[in-house]
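Just so you know, all these numbers are worked out from the coordinates, no wet-lab data involved. Predicted, not measured: the structure shown is a model, and the values here were computed from it. Here the Cβ positions follow ideal geometry from the backbone for every residue, glycine too, while neighbour counts run over all protein chains shown.
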Amino acid sequence: MGMFKRSVSEAAGHIDRRHTDVPTRPTGYQQTASRLHSFNRYEIKYLLDEFKVPALRAELAARMNSDPFSPQGGYPVTSLYYDTQDLRFYWEKIEGLRFRRKLRIRLYGEPTACTDDTPVQIEVKQRVNRVTQKRRIAMPYGSARRWIDGRRSPSCDPAQRAFVEEVTTLVGNLDLRPIVTTGYLREAFVGRDADLGLRVTIDHKVHGRDRDFHFASGAENRYIIPPKLAIVEVKANERVPYWVTDLAARIDMSVVRVSKYCQSVEAFGLAPRSRFGAPELIHELPSPTA
């Protein structure tokens, strides 16, 4: 337990930027994820009707660059979230704790093509007041599942040891287990010139499931966000440029407190729908295969 408390204290203070990625030779848009292995950001999320996405896309393309590793039309992102039996991480988010976190395994790429050798990211995403912090390392999918599900710590570079020990202790002390997956198709834009550090993503067809957690299982998914809505996330290192907030107002984008993890938990009845959620998301969701 002492190790667990020490890890929390260290995480709340500052991020150890010495972590490097396990050499799994990522390609394409996986390279973006591998380079961004440790960072702080401010985030704002919006809901946007899919009919208005082309207008947003055109405005962003005029001021930003497309992510160089993102194929035309976007790329799939799939995440497996871990929590306690009583959903501690879920309730920390719902209650708005100033320090909260979650653990996930994230795949960038087509889930049906995922094998034990496919590189994935093991991430601790945490919120400290208004700042979002991410720490992550990459490793083959099979190794990640043996570590998190099988409780078998991986061999790693000495620079990664502190992070690996923190995750191992977190998983063991809280008896974390897989709860839900989320998935979506993501378009990504990156800032240029004066807006370096700015990143805007548009996530379409946000779906998930609460069983059959292997990424390549082919199990049925359900929409956890109405498919007529896209989630737009604006991420900045220090401040969001004025032109972004002005654009959001002109296109009538709604600022929203939404967590894809929490939406998935609620969509499958693992917890009651939060009264703090966006009005657009309170109504019953459709249940076709995503």
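Quick notes on this one:
- Summed side-chain charge close to LEU198 - residues other than LEU198 whose Cβ falls under 13 Å, Lys, Arg +1, Asp, Glu -1: 0
- Once you reduce the stretch 65-111 and the stretch 169-229 to the center of their Cα atoms, the two points are 5 Å from each other.
- Fraction of the pair-distance distribution of the stretch 186-230 above 12 Å, Cα-Cα pairs, percent: 69 percent
- Prolate/oblate/rounded call for the stretch 127-281, Cα gyration tensor, a/c under 1.5 rounded: oblate
- Neighbour net charge for TYR141 - beta-carbon separation under 9 angstrom, K R +1, D E -1: -1
- Cα gyration tensor category, rounded, prolate or oblate, for the stretch 52-126 with a/c compared to 1.5: oblate
- Put in line by how crowded their Cβ is, counting other Cβ atoms within 10 Å and starting with the fewest, THR245, THR118, THR168 read THR245, THR168, THR118.
- Net charge over other residues, Cβ less than 9 angstrom from the Cβ of LYS235 (K, R count +1; D, E count -1): 0
- Computed over Cα pairs, the Kirkwood radius of the stretch 132-171 leads via Stokes-Einstein (1.002 mPa s, 20 °C) to a diffusion coefficient of 202 µm² per second.
- Trypsin sites (Lys or Arg not before Pro) within the stretch 136-188: DSSP coil, no more than 14 neighbouring Cβ in 10 Å: ARG151, ARG152
- For the stretch 243-249, putting each phi into the Karplus relation 6.51 cos²θ - 1.76 cosθ + 1.60 with θ = phi - 60° gives couplings of 5, 6, 5, 5, 4, 4, 5 Hz, in residue order, rounded to whole numbers and with x for Gly and Pro.
- Filter on LYS45/LYS102; LYS52/LYS93; LYS125/LYS228 - keep pairs with C-alpha separation over 22 Å: LYS52/LYS93; LYS125/LYS228
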